[in-house]
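The values are calculated or read from the model by the stated rules, or taken from the named source; none is laboratory data. Keep in mind that this is a model prediction, so the values were computed, not measured. No Cβ is skipped: glycine too gets one built from the backbone with ideal geometry, and neighbour counts run over all protein chains shown. To get the accessible areas, we keep the full protein, side chains included, count just its heavy atoms, and leave off ligands, DNA and RNA. Shrake-Rupley method; radii C 1.70, N 1.55, O 1.52, S 1.80 Å.
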Amino acid sequence: SKMINQGLVIGRFQLVGNQHVYLFDQIVEYHFNKEKLDRLNVAIEVADNVNARDPFSGAECWKMIKPIAQEAANKMKIPLDYRLVDDIHDPPNYPKHIERIFGFKPNMEDRITLFSATEYTNESYKNKKGYKLVHPEERVNQHSTELRKLCVRGISLEGLVPEHIPKFLEERNA
């Protein structure tokens, strides 16, 4: 039987911005120009508690990223799946942790194509059997950290974030 090519994105998504749109655009491009994915999986890292670095709950992060991930999956005509993942602060065992949560079987049933731009993730997955690491380009230098700072100062995020985000923030803070 053919291996399932599982596309995987791991992130905190603590305020979704245009950089995330660009990430998923690159995944779609990869699918059509390099190698077909059979499924798109989004792992949302959830902090132990809500804090300044992680003001949004896992459910809220999914609400922010879902329209973008869904649009990408629709373009590729593949299923989308997501899981909330607790951060175990243990890089060497992180891949196993994610495999357990998603039920992946790398090298047996699954080939996992991991789209990762972060040092932590790259370090955790280096030389892992059954994985292929793809490093998306980070073109937009507006990280979520910067977006959150603007947000706290009451500065409009329009043009820096996808259209559904300002409305989401308004309703959340109402």
Quiz item: Does ILE101 meet the test of being open to solvent by less than 20 Å² (accessible area, probe 1.4 Å) and not small (Gly, Ala, Ser)?
Solution: no
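So, LYS105, is that one closer than 14 Å to TYR131 by Cβ and without any contact (Cβ under 8 Å) to a residue 60 or more places away in the chain or not? Before the answer, list the steps.
Working: closer than 14 Å to TYR131 by Cβ: yes; without any contact (Cβ under 8 Å) to a residue 60 or more places away in the chain: yes.
In short, yes.
Can you tell me which residue among GLU71, GLU109 is open to solvent by 50 Å² or more (accessible area, probe 1.4 Å) and more than 30 Å from GLU163 (Cβ to Cβ)?
Working: GLU71 fails: more than 30 Å from GLU163 (Cβ to Cβ).
Unique residue meeting the criteria: GLU109.
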Exercise. Could you grab me the full set of residues in region 33-54 that are under 15 Å from the mean Cα position of the chain (by Cα), open to solvent by 30 Å² or more (accessible area, probe 1.4 Å) and within 23 Å of GLU109 (Cβ to Cβ)?
Key: ARG39
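Just checking, how many residues over region 129-164 are small (Gly, Ala, Ser) and modelled with pLDDT of 90 or more? Can you show your working first?
Step one: filter region 129-164 for residues small (Gly, Ala, Ser), giving 130, 144, 154, 156, 159.
When the remaining residues are screened for being modelled with pLDDT of 90 or more, the result is 130.
The total comes to 1.
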Practice problem: Determine if region 48-58 includes at least one residue that is assigned to a loop (DSSP other than H, G, I, E, B) and small (Gly, Ala, Ser). | Solution: yes
Quiz item: Restricting attention to region 82-95, does a residue exist that is within 22 Å of GLU29 (Cα to Cα) and either aliphatic (A, V, I, L, M) or buried (at least 16 other Cβ atoms within 10 Å of the Cβ) (or both)?
Solution: yes
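Please tell me if TYR120 is modelled with pLDDT under 85 and open to solvent by less than 100 Å² (accessible area, probe 1.4 Å).
Values: modelled with pLDDT under 85: yes; open to solvent by less than 100 Å² (accessible area, probe 1.4 Å): yes.
Yes.
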Quiz item: Hey, LEU15 hits all of (1) open to solvent by less than 70 Å² (accessible area, probe 1.4 Å); (2) under 20 Å from VAL134 (Cβ atoms); (3) not in a helix (DSSP H, G or I) but one; which does it fall short on?
Solution: (2)
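Keeping to region 152-174, report how many residues are in a helix (DSSP H, G or I) and either under 11 Å from VAL16 (Cα atoms) or open to solvent by less than 100 Å² (accessible area, probe 1.4 Å) (or both).
Taking region 152-174 as the starting set, the residues that turn out to be in a helix (DSSP H, G or I) are 152, 164-173.
From what is left, the residues that are either under 11 Å from VAL16 (Cα atoms) or open to solvent by less than 100 Å² (accessible area, probe 1.4 Å) (or both) are 164-166, 168-169, 172.
Total meeting the criteria: 6.
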Self-check item: region 120-151: number of residues that are outside any helix (DSSP H, G or I) and farther than 20 Å from CYS61 by Cβ
Solution: 13
